[in-house]
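J.: I have a structure I would like to understand better, so I am pasting it below and will then ask my questions one at a time.
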Amino acid sequence: THTNAVADLLESYGIDDPAAGNGVGEFTDPELQNAYDDLVSRGAESLVAALEDGAYIDEMDILDLRERESTTPAIDNLYDQLERGSRNHLRAFVKNLEREGVDYEPQLMEADDFDTIISTPTEQGTGDGLGTGEGKSDGQGNGNGRGNGGGRGRA
(Lines give C-alpha, C1' and ligand atoms only; values in the text may rest on other atoms or scores of the structure.)
Protein backbone atom coordinates (compact mmCIF):
# COMPACT_ATOMS: atom_id res chain seq x y z
CA THR A 1 0.00 0.00 0.00
CA HIS A 2 2.79 2.42 0.92
CA THR A 3 4.73 1.65 -2.24
CA ASN A 4 1.60 2.15 -4.34
CA ALA A 5 0.90 5.51 -2.66
CA VAL A 6 4.42 6.72 -3.47
CA ALA A 7 4.22 5.38 -7.05
CA ASP A 8 0.87 7.12 -7.57
CA LEU A 9 2.29 10.42 -6.33
CA LEU A 10 5.35 10.10 -8.56
CA GLU A 11 3.08 9.40 -11.51
CA SER A 12 0.82 12.36 -10.73
CA TYR A 13 3.86 14.68 -10.85
CA GLY A 14 5.35 13.02 -13.93
CA ILE A 15 8.43 11.79 -12.06
CA ASP A 16 10.09 8.56 -13.17
CA ASP A 17 10.03 5.85 -10.51
CA PRO A 18 13.66 5.06 -9.61
CA ALA A 19 12.59 1.58 -8.49
CA ALA A 20 10.73 0.74 -11.70
CA GLY A 21 11.67 -2.70 -12.94
CA ASN A 22 13.15 -3.80 -9.62
CA GLY A 23 11.73 -6.93 -8.11
CA VAL A 24 10.95 -7.40 -4.43
CA GLY A 25 14.17 -6.99 -2.48
CA GLU A 26 16.05 -5.47 -5.42
CA PHE A 27 17.51 -2.00 -4.92
CA THR A 28 19.39 0.26 -7.33
CA ASP A 29 21.36 1.85 -4.49
CA PRO A 30 24.14 -0.57 -3.40
CA GLU A 31 23.99 0.64 0.22
CA LEU A 32 20.27 -0.10 0.39
CA GLN A 33 20.84 -3.49 -1.23
CA ASN A 34 23.51 -4.39 1.33
CA ALA A 35 21.36 -3.21 4.23
CA TYR A 36 18.39 -5.19 2.91
CA ASP A 37 20.48 -8.34 2.43
CA ASP A 38 21.96 -8.02 5.94
CA LEU A 39 18.55 -7.49 7.56
CA VAL A 40 16.95 -10.39 5.69
CA SER A 41 19.83 -12.67 6.65
CA ARG A 42 19.68 -11.63 10.31
CA GLY A 43 15.89 -11.75 10.42
CA ALA A 44 15.90 -15.31 9.11
CA GLU A 45 17.72 -16.45 12.27
CA SER A 46 14.66 -16.31 14.52
CA LEU A 47 11.29 -14.71 15.14
CA VAL A 48 12.84 -12.33 17.69
CA ALA A 49 15.57 -11.28 15.23
CA ALA A 50 12.93 -10.62 12.56
CA LEU A 51 10.83 -8.54 14.97
CA GLU A 52 13.89 -6.59 16.07
CA ASP A 53 14.80 -5.91 12.45
CA GLY A 54 11.25 -4.73 11.77
CA ALA A 55 11.39 -2.31 14.71
CA TYR A 56 14.79 -1.05 13.56
CA ILE A 57 13.50 -0.45 10.02
CA ASP A 58 10.51 1.50 11.30
CA GLU A 59 12.74 3.62 13.53
CA MET A 60 14.84 4.38 10.45
CA ASP A 61 11.74 5.14 8.36
CA ILE A 62 10.37 7.56 10.96
CA LEU A 63 13.64 9.46 11.19
CA ASP A 64 14.07 9.52 7.39
CA LEU A 65 10.56 10.88 6.88
CA ARG A 66 11.11 13.58 9.51
CA GLU A 67 14.20 14.76 7.62
CA ARG A 68 12.19 15.31 4.45
CA GLU A 69 10.56 18.64 3.83
CA SER A 70 8.44 19.82 0.99
CA THR A 71 6.28 22.75 0.05
CA THR A 72 3.69 20.53 -1.61
CA PRO A 73 0.63 19.56 0.45
CA ALA A 74 0.16 16.20 -1.34
CA ILE A 75 3.75 15.21 -0.57
CA ASP A 76 3.51 16.40 3.04
CA ASN A 77 0.27 14.44 3.40
CA LEU A 78 1.93 11.29 2.08
CA TYR A 79 4.92 11.73 4.41
CA ASP A 80 2.52 12.18 7.36
CA GLN A 81 0.63 9.02 6.43
CA LEU A 82 3.81 7.00 5.95
CA GLU A 83 5.18 8.17 9.29
CA ARG A 84 1.90 7.34 11.04
CA GLY A 85 2.08 3.86 9.50
CA SER A 86 5.67 3.42 10.68
CA ARG A 87 4.74 4.53 14.20
CA ASN A 88 1.94 1.95 14.22
CA HIS A 89 4.31 -0.72 12.86
CA LEU A 90 6.88 0.15 15.52
CA ARG A 91 4.24 -0.25 18.24
CA ALA A 92 3.26 -3.65 16.83
CA PHE A 93 6.84 -4.91 16.61
CA VAL A 94 7.59 -3.81 20.17
CA LYS A 95 4.36 -5.38 21.46
CA ASN A 96 5.20 -8.68 19.76
CA LEU A 97 8.75 -8.56 21.12
CA GLU A 98 7.30 -8.10 24.62
CA ARG A 99 5.19 -11.22 24.05
CA GLU A 100 8.47 -13.01 23.30
CA GLY A 101 9.97 -11.71 26.56
CA VAL A 102 12.20 -9.11 24.89
CA ASP A 103 12.43 -5.51 26.08
CA TYR A 104 13.30 -3.66 22.86
CA GLU A 105 15.57 -0.65 23.23
CA PRO A 106 15.60 1.95 20.45
CA GLN A 107 18.57 1.64 18.13
CA LEU A 108 18.31 4.94 16.25
CA MET A 109 15.72 7.13 17.94
CA GLU A 110 16.08 9.18 21.09
CA ALA A 111 14.62 7.25 24.03
CA ASP A 112 12.09 9.99 24.86
CA ASP A 113 10.75 10.07 21.30
CA PHE A 114 10.60 6.27 21.16
CA ASP A 115 8.81 6.09 24.54
CA THR A 116 6.27 8.69 23.43
CA ILE A 117 5.42 6.66 20.34
CA ILE A 118 5.24 3.35 22.19
CA SER A 119 3.09 4.75 25.00
CA THR A 120 0.41 6.14 22.70
CA PRO A 121 -2.37 4.07 21.14
CA THR A 122 -2.50 2.95 17.54
CA GLU A 123 -3.27 5.90 15.32
CA GLN A 124 -6.18 5.91 12.94
CA GLY A 125 -6.01 8.09 9.90
CA THR A 126 -8.31 11.02 9.46
CA GLY A 127 -8.59 13.46 6.63
CA ASP A 128 -7.36 12.90 3.12
CA GLY A 129 -6.54 9.33 2.20
CA LEU A 130 -3.93 8.15 -0.24
CA GLY A 131 -3.67 4.53 -1.14
CA THR A 132 -5.49 1.37 -1.99
CA GLY A 133 -9.22 1.66 -1.50
CA GLU A 134 -9.98 -1.75 -0.01
CA GLY A 135 -10.97 -3.18 -3.39
CA LYS A 136 -12.59 0.06 -4.53
CA SER A 137 -10.03 2.36 -6.17
CA ASP A 138 -6.62 3.89 -5.75
CA GLY A 139 -6.53 7.60 -5.44
CA GLN A 140 -6.43 10.82 -3.55
CA GLY A 141 -9.46 12.15 -1.80
CA ASN A 142 -11.31 12.10 1.43
CA GLY A 143 -10.23 8.93 3.13
CA ASN A 144 -10.56 7.31 6.48
CA GLY A 145 -6.85 6.66 6.93
CA ARG A 146 -7.11 3.12 5.66
CA GLY A 147 -6.54 4.40 2.15
CA ASN A 148 -10.23 4.54 1.28
CA GLY A 149 -9.66 7.46 -1.04
CA GLY A 150 -11.92 8.67 -3.76
CA GLY A 151 -11.18 11.12 -6.51
CA ARG A 152 -8.56 10.36 -9.17
CA GLY A 153 -8.62 6.59 -9.18
CA ARG A 154 -8.42 3.31 -11.00
CA ALA A 155 -11.06 0.64 -10.71
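The values are calculated or read from the model by the stated rules, or taken from the named source; none is laboratory data. Since this is a predicted model, take the numbers as computed values, not measurements. Cβ atoms come from the backbone with ideal geometry, glycine included; neighbour counts cover every protein chain shown. Quick note on the areas: whole protein, heavy atoms, side chains included, nothing else; ligands and nucleic acids left out. Shrake-Rupley method; radii C 1.70, N 1.55, O 1.52, S 1.80 Å.
J.: Which residues does a label at residue 69 reach in segment 76-99, if reach means a backbone N under 19 Å from a point 7 Å past the Cα toward the Cβ?
T.: What the label zone holds, given the 19 Å backbone N cut-off, is 76-81, 83.
J.: If you don't mind, there's one more thing I want to ask. I'd like to compare 69-80, 14-25: which one has the highest average count of other Cβ atoms within 10 Å, and what's the full order after that?
T.: So the peptides 69-80, 14-25, ranked by packing, come out 69-80, 14-25.
J.: Output wanted: per-residue J couplings in Hz (rounded whole) for segment 42-47, from phi through Karplus 6.51 cos²θ - 1.76 cosθ + 1.60, θ = phi - 60°, x for Gly and Pro.
T.: The phi angles translate into 5, x, 6, 5, 6, 4 Hz.
J.: Quick check: at a probe of 1.4 Å, how many percent of the accessible area of segment 1-54 sits on carbon and sulfur atoms?
T.: Carbon-and-sulfur percentage of accessible area, whole number: 55.
J.: Which chymotrypsin sites (Phe, Trp or Tyr not before Pro) in segment 1-50 pass both tests, a DSSP loop state and at most 12 other beta-carbon atoms within 10 Å?
T.: Hits after loop and neighbour filter: 13.
J.: Work out how much length residue 38 to residue 122 would gain on full extension: take 0.36 nm times their residue separation and subtract the Cα-Cα distance, in nm to one decimal.
T.: 27.3 nm
J.: How many Å² of accessible area per residue for segment 1-98, probe 1.4 Å? Write down the numbers at each step before the final one.
T.: Details: 5970 Å² over 98 residues.
So segment 1-98 comes to 61 Å² accessible per residue, rounded to a whole number.
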